[in-house]
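The structure appears right after this line, and notes come after that.
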Amino acid sequence: MSRRKFLKQSSCLTFGILTYPAFSSAFSFDSMKDVVVGHKSHKYKVNMDWGNLNPLKTPVKDCHEIVQDSKGRIVLLTNHTKNNIIIYDKSGKLLETWGTNYPGAHGLTLLKENGEDFLLITDYERHQIIKTTIDGKVIFELNYPSDTGKYNNKEEFKPTETTVLENGDFYVADGYGNQYITHYNHKGELLNIFGGRGTENGQFLNAHGICYDNRDKNNPCLLITAREMNILKRFSLDGTYLSSIKVPGALICRPVIHNNDIYFAVLKSKNSPNSDSGFLLIMNKNNEVVSCPGATAPSYNNDQLEELYQTIRLFKHPHDVCIDEDDNVYVAQWNSGQTYPIKLVRV
């Protein structure tokens, strides 16, 4: 047996007490209260009770994405059409809900215009991007980009994510469709299209998430996940491919930038025998993986990241993260038995 395989098996055995087959939103895991996950400077105490609600009154289905608005409230997107949007305060108290028309609600991005908060929602069942006020009033709806020649019909367009620039321009990732990235101005007028399905540098297999990266003010770029390829790709704002960052074993969802770090929910471990084998992944300002809450500690060999895998059965298909001003992380999960978000408190 190789040393790495031995360590992998040893890790799983060490944390075997945490291998629950599923989580109930109504159940509080007392044994989780003192569990700390993560590595080095990014460690967190698990809070399984945060945000749990009465599922008969405020149900969730797939909790796809989660953001924080200008008031510090936590805004959750679910594809349950009784309440697509659920808004909490930071303590997990329910403040309000809205939305009954988004059966394929998947992507959620906060944007600000003249001091006012708005949301961009991608709905892959409606094949649309919808801009709303923070309380749900629809500003506009965008259909598939038919005039580009890249789509034969709306069914080929299944957008999963958006990101917004300072000037109001936004980009849409068609992660479940034909894999193109479309660039619009703040009015929703098409400016550019690039990418597409394939394995070349400028193409994608599951362009699931997209993020505007302006950490280097002189060289802003786009970060786009090729989830099935276990790769994060960098593009210029005009759609020119720049470079790739490999994350072996990690099916990464949307990149979320907080301060100088990039946070990801990892849907699952590529080679794990169980499909709900997800974890979180954090990169530093140099795009190096420094912590993987719920997974093996990141390790580099000759500058190559070794394959990552789940070691603790804490997360079940984590799909997005939100980081607040105290560096706490809120985790939304897909296909997790209709569970509410998990909060990780920075320690």
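The values are calculated or read from the model by the stated rules, or taken from the named source; none is laboratory data. These numbers come from a predicted model, not from an experiment. Because the Cβ atoms are built from the backbone with ideal geometry, glycine has one as well, and the counts that use them run over all protein chains shown.
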>> Let me confirm something: among Y171, Y176, Y144, Y212, which residue is farther than 29 Å from F279 by Cβ and modelled with pLDDT of 95 or more?
In response: Y144
> Just for region 53-80: of the residues that are under 26 Å from I252 (Cα atoms) and of a type in the set (V, I, T), which one is nearest to the chain's Cα centre (by Cα)?
Replying inline: I66
> Does G209 qualify as being over 23 Å from S299 (Cα atoms) and surrounded by 21 or more Cβ atoms within 10 Å (Cβ to Cβ)?
Replying inline: yes
> L191 passes all but one of (1) over 23 Å from V256 (Cα atoms); (2) assigned to a loop (DSSP other than H, G, I, E, B); which number fails?
Replying inline: (2)
>> With the requirement that a residue be surrounded by fewer than 18 Cβ atoms within 10 Å (Cβ to Cβ), touching a residue at least 24 places away in the same chain (Cβ under 8 Å) and either in a loop (DSSP other than H, G, I, E, B) or polar (S, T, N, Q) (or both), what does region 241-254 give you?
In response: S244, P248
> Within region 279-347, which strands (runs of 3 or more DSSP E) (wholly inside it) include 2 or more residues that are among the hydroxyl-bearing types (S, T, Y)?
Replying inline: none
> Assuming N230 fulfils every condition listed in (1) on the phi > 0 side of the Ramachandran plot; (2) touching a Phe, Trp or Tyr at 6+ places or on another chain (Cβ under 9 Å) apart from one, which condition is it?
Replying inline: (2)
>> Among the residues that make up region 138-147, is at least one of them surrounded by fewer than 19 Cβ atoms within 10 Å (Cβ to Cβ), within 20 Å of T97 (Cα to Cα), of a type outside the set (S, T, N, Q) and more than 17 Å from the chain's Cα centre (by Cα)?
In response: yes
>> Between V321, V329, which is in contact with a Leu (Cβ under 6 Å, 6 or more places away or on another chain), of a type outside the set (S, T, Y) and either surrounded by 24 or more Cβ atoms within 10 Å (Cβ to Cβ) or within 27 Å of D69 (Cβ to Cβ) (or both)?
In response: V329
